[in-house]
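Taking it in order: structure first as structure tokens, then the write-up.
The values are calculated or read from the model by the stated rules, or taken from the named source; none is laboratory data. Quantities reported herein were computed from a predicted structural model and do not represent experimental measurements. Neighbour counts are summed over all protein chains in view; Cβ atoms, including those assigned to glycine, are modelled from backbone coordinates with ideal geometry.
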Amino acid sequence: MPKIKLLALDLDGTLLGPDSRVPRENARAVRLAQQAGVSVALCTGRNLTEVRAFNAQLDASADWAIIANGAAVVRFTDGEQIAFDGLDRAMCAAVRDVCAQFGVDPCLYTAEKLYYGREFLRFLQELRRRGRVALNEAAEGYEFVADEAQWHAVLEQEDGRFVKAILHHLDPAVVDQMMQALDATGLLELAPSVMFGGELKNVEINRKGVHKGRALAQLAAHLGCSMEEVMAVGDSDNDLTMLQMAGLGISMANAAPHIRAAADAVTLDNASDGVAAAVKRYILEGQA
């Protein structure tokens, strides 16, 4: 197997522990991988504001951020952006049409902000009721949008800057119906997130053709390495493309069966420092 030159790490369910923080061993493993000459990219559905907060929990900063499921690739040191594939007006309009059809409001992400409405708040409340650690919707970079007039203002203000949308509903069957409607537009890439064995679900929305695997390939080309020299670690549907396209795709043990089946290998779960175990086995020892 070729020497690993680029390590791509998903955040939630992968690099982050169950408490939504970077465990000590994982932070150390990222630093050791970099000291071994490997570039590290944090690859997530989150935006850059959120990623910076997790990057600060590492022993040493990661090199790159792939945000919003591959919509943008940014270097941490100087903010250089080597790719941007966001949602245009037609795509935002298609998402808004589906929201109107099902009586929900969207979450719309820019690289720096998350705009959300009441459906997202209901979803967060349910997550907290079930004991899942959730983000603080009152934190910097999160903005509540109360009504149609405010949504219109946001769409005008941030036109051309949206990287991703998410739709939520407390009934997973309704999420499936929304996905069918979104897919019918032919404009959008969809990645469902399934929680609590299917009792809760949402869907992440990007421009058609945008996904983590594509962005990772763009970054690898920028760095002058092949995908055979890339190791990717993840646990969710939005990680599938990078696990399949990387030379070495590692699934977390806490991933769903179809994610584990698509990977080249399976590491420990995110409560057991699975990223650290994978880095040790395949980079620190495997290439010593």
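One residue stands out in the range 252-265 among those that are free of Cβ contacts under 8 Å to residues at least 24 places away in the same chain and among the small types (Gly, Ala, Ser): the one that is surrounded by the most Cβ atoms within 10 Å (Cβ to Cβ), namely ALA263. Among residues of the range 130-159 that are within 27 Å of ASP97 (Cα to Cα), those with a beta-carbon under 6 Å from a residue that is polar (S, T, N, Q) at least six positions away or on a different chain give the pairs GLY141/THR49; GLU158/THR110. Taking the range 266-286 as the range and being within 13 Å of MET231 (Cα to Cα) and loosely packed, with under 15 Cβ neighbours inside 10 Å as the test, only ARG281 passes.
Any residue at all in the range 72-90 that's assigned to a helix (DSSP H, G or I) and more than 26 Å from LEU9 (Cβ to Cβ)? There is at least one residue in the range 72-90 that is assigned to a helix (DSSP H, G or I) and more than 26 Å from LEU9 (Cβ to Cβ). Residue-level check: of (1) part of a loop (DSSP other than H, G, I, E, B); (2) farther than 24 Å from CYS225 by Cα; (3) touching a residue at least 40 places away in the same chain (Cβ under 8 Å); (4) not acidic (Asp, Glu), VAL22 misses just (3).
Condition check for GLY249 on (1) of a type outside the set (S, T, N, Q); (2) touching a residue at least 24 places away in the same chain (Cβ under 8 Å); (3) outside any loop (DSSP other than H, G, I, E, B); (4) crowded, with 24+ Cβ neighbours inside 10 Å: one failure, at (2).
Just so you know, in the range 69-81 the residues that are out of contact with any Phe, Trp or Tyr (no Cβ under 6 Å at 6 or more places or on another chain) and among the small types (Gly, Ala, Ser) include one that is modelled with the lowest pLDDT, and it is GLY79.
Yes/no per residue for (1) assigned by TED's automatic domain parsing to the domain that holds ARG214; (2) small (Gly, Ala, Ser); (3) touching a Lys or Arg at 6+ places or on another chain (Cβ under 6 Å); (4) in a helix (DSSP H, G or I):
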site: ALA232; (1), (2), (3), (4): yes, yes, no, no
site: MET242; (1), (2), (3), (4): yes, no, yes, yes
site: ALA255; (1), (2), (3), (4): yes, yes, no, no
site: ILE259; (1), (2), (3), (4): yes, no, no, yes
site: ASP269; (1), (2), (3), (4): yes, no, no, no
site: ARG281; (1), (2), (3), (4): yes, no, no, yes
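Hey, can you tell me all the residues within the range 31-59 that are among the basic types (Lys, Arg) and either at pLDDT 95 or above or not in a helix (DSSP H, G or I) (or both)?
Residues of the range 31-59 among the basic types (Lys, Arg): 31, 46, 52.
Those that are among the basic types (Lys, Arg) and either at pLDDT 95 or above or not in a helix (DSSP H, G or I) (or both): ARG31, ARG46.
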